[in-house]
Amino acid sequence: NNPDAPPKRGSVDHSTAGGRLLYTRFHTGKPTPHTVLAELVGNAIISHHAYLRDFLTPALDSEYLERVRDKRLDEYKEAERRFFERVMTEEQLRQYVDHAAEELHAYLQLSPQESIESKLMFLSKFIFSVLVDADRTDTRLFEEGRTDEPESDRKQLFAQYYDRLMEELKRLRERDDGRSSIPALRRSMSEQCDRFAERPPGIYMLPIPTGGGKTLASLRYALKLAMRLGLKQIIYVVPF
C-alpha cells in the first residue's frame, strides 16, 4: 500500500502469529499428537527467519512459550480473522491439522528401536528445513511474478549447475602443478562418482578420506543423477 514508505523489516511479526494460532487451538497441555504437532510445527513457524528456538533452555526458560503464549501481539485477533477469511476456513484448518496429526502418530510408530526423542528431533529439523525452503521459494517466485516453478526450469538449472561444476573442476586441474599425486587421486574419484550416477539410485557410501574432494565429487554425482532421472530436488545434509 505504501511502496515509498514500506514498514520496517521485522515490524510485522507474522511468525509469532502463526505459531500462536496452532498453540491456542491445538495445544491441550497433554502429550497428544495434536499437542506435539502444535509444538513441532509452531516452533518451526516462529523460528523460520532465524534458528530453531529452545523449548527449554538450561535456565529452564522456554523461548517457545514466550513467543506463542506470552508475547504481546496487539493485532493477533485481526490477523486470525483475516487468515480464516482469506486463506482457509476454521473447519478446513481443523481437517488439515487432524490429517497431519494422523501422519505424526503413524511416524512415531515406525522403528520401535528408536527413541521418541530421536524421532522428534529429526522430524523437528526436517519440518524446519522444509518450511525455510518453501518460504524462500515462494518469496522468489513472488518477486519474479510467477506462481509456480515449471519442471523445465529445474532440468535447466541442474544442467547449468553441472556445467559450472565441470568448469570449476577444469580450473582446478589446470592449476595443478604436478608436484603432488593428491589432485590426480581427487580427479579419479570424482570421475568414478560421475560414472556411478549411471547406476540405479539407492543408498551408497563414499569412503574418501579428508581432503579427497568428497564435497565436489558427491555434488557431481547428485547433479548428474538429478538430470538423468528428472529429479525435483537435491537435499545436501552436513553434520555441523
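The values are calculated or read from the model by the stated rules, or taken from the named source; none is laboratory data. All figures in this text were calculated on a predicted structure; none of them were measured in a lab. Cβ coordinates were reconstructed from backbone atoms using ideal geometry, including for glycine residues, and neighbour counts include every protein chain displayed. These area figures cover heavy atoms from the full protein model, side chains too; ligands, DNA and RNA do not enter into them. Shrake-Rupley method; radii C 1.70, N 1.55, O 1.52, S 1.80 Å.
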> How large is the dipole of the range 171-239 about the Cα centre if only Lys and Arg carry +1 and Asp and Glu carry -1, each at its Cβ, rounded to the nearest 20 debye?
Replying inline: 100
> Assigning unit charges at the beta carbon (Lys, Arg +1; Asp, Glu -1) and nothing else, what dipole magnitude in debye, to the nearest 20, does the range 29-128 show about its Cα centre?
Replying inline: 100
>> So, taking all protein chains as they sit and a 1.4 Å probe, how much accessible area belongs to Y162, in Å² rounded to tens?
In response: 40
> Which Cα, out of Q109, F84, L231, lies furthest along the positive dipole direction of the range 82-240 (beta carbon charges, K/R +1, D/E -1)?
Replying inline: L231
> Sorted by mean Cβ packing within 10 Å, highest first, what order do the peptides 169-175, 38-44 take?
Replying inline: 38-44, 169-175
>> Once ligands and nucleic acids are excluded and a 1.4 Å probe is used, how much of H34 is accessible, expressed in Å² to the nearest 10?
In response: 50
>> I'd like the accessible area for V87: 1.4 Å probe, protein heavy atoms, all chains in place, Å² to the nearest 10.
In response: 100
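Which whole-number percent is the relative contact order of the range 128-240 (Cα, under 8 Å, 6+ apart)? Each step should come with its number before you reach the end.
Details: 58 pairs, mean separation 32.9, N = 113.
The normalised contact order for the range 128-240 reaches 29 percent.
Take R67, R186 and sort them by solvent-accessible surface of the protein heavy atoms, 1.4 Å probe, largest at the top. Please report the intermediate quantities before stating the final value.
Details: R67 25, R186 100 Å².
From most exposed to least exposed: R186, R67.
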> Which aspartates and glutamates have a Cα less than 18 Å from the Cα of K30, not counting those fewer than 8 places away in the same chain?
Replying inline: E39, D98, E102, E117
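Determine one quarter of the surface area of the Cα convex hull of the chain, which equals its mean projected area, and express it in nm² to one decimal.
Details: hull surface 77.5 nm².
Average of the hull's projected areas for the chain equals 19.4 nm².
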>> What's the magnitude of the charge dipole for the range 1-81 around its Cα centre, counting Lys and Arg as +1 and Asp and Glu as -1 at the beta-carbon? Answer in Debye, nearest 20.
In response: 180
>> Once you order the gyration tensor axes a ≥ b ≥ c over the Cα atoms, which shape class does the range 152-193 get: rounded for a/c under 1.5, otherwise prolate or oblate by comparing a/b with b/c?
In response: oblate
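Per the 1.4 Å probe, what fraction of the accessible area of the chain, in percent, lies on carbon and sulfur atoms? Don't skip to the answer; put the middle values down first.
Values: 9820 of 17590 Å².
Carbon plus sulfur share of accessible area: 56 percent.
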